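Inspection log for the structure reproduced underneath, given as C-alpha cells.
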Amino acid sequence: MRGLMVIAFLLASCTAAMADMKVSFDWGPTKKCFDSKSPPISLSGVPAGTKALDIRMKDMNVTDYNHGGGKVDYSAQKSLAYGAFSYTGPCPPSGKHKYRFTVNALDAGGKTLATATADKMFP
C-alpha cells in the first residue's frame, strides 16, 4: 500500500510540474518563407533542474513537413531572443497556417521534465 502511495505522489508531482510550464511566442521580426532565425519566445514555470530546452515547430495545416527546431542551454532565463536557434521558418503556400511550438525542458541527462506548447497563425 505504501508503494502505491509513493507512486501516486510521484505521478501527481510530475503532472503538476508539466502543468506549470508555459510558453508563448510572437512572430516579431520573422520574415515569410523559411526565415532561419527562431521567433522571440517567452517562458514561465520552467521546472528546477532544467539544463536545456528542446524546441520544435510544426505546421498544423501540413503536419508532415518537418520545420525542425533546436536546443538551447537554459539558465533560468524568462525569454529567448529572435534567432536563439536555427530552424526552417514558416512559409504557408497560401493564406494563413497555424504553427505550434513544442518546448521540452530537459535535465542534464536529457530526460524531459516538462512540456509546453503554443500555437499562432502566420502571417
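Search the structure for amide H atoms under 5 Å from the amide H of Lys22, placed 1.01 Å from N in the peptide plane, and list their residues when 5 or more places away or on another chain.
For Lys22, the qualifying residues are Ser44, Gly45, Val46.
Please work out the C-alpha center-to-center distance from segment 95-116 to segment 19-42 and express it in whole Å.
Measuring centre to centre over Cα atoms gives 12 Å.
Excluding residues on the same chain fewer than 8 positions from Lys32, give the lysines whose Cα lies under 21 Å from its Cα.
Reachable lysines: Lys58, Lys96, Lys98, Lys120.
Quick note: the coordinates plus some simple rules give every number you see, no bench work behind them. Bear in mind that the values here come from a model prediction, so they are computed numbers and not experimental data.
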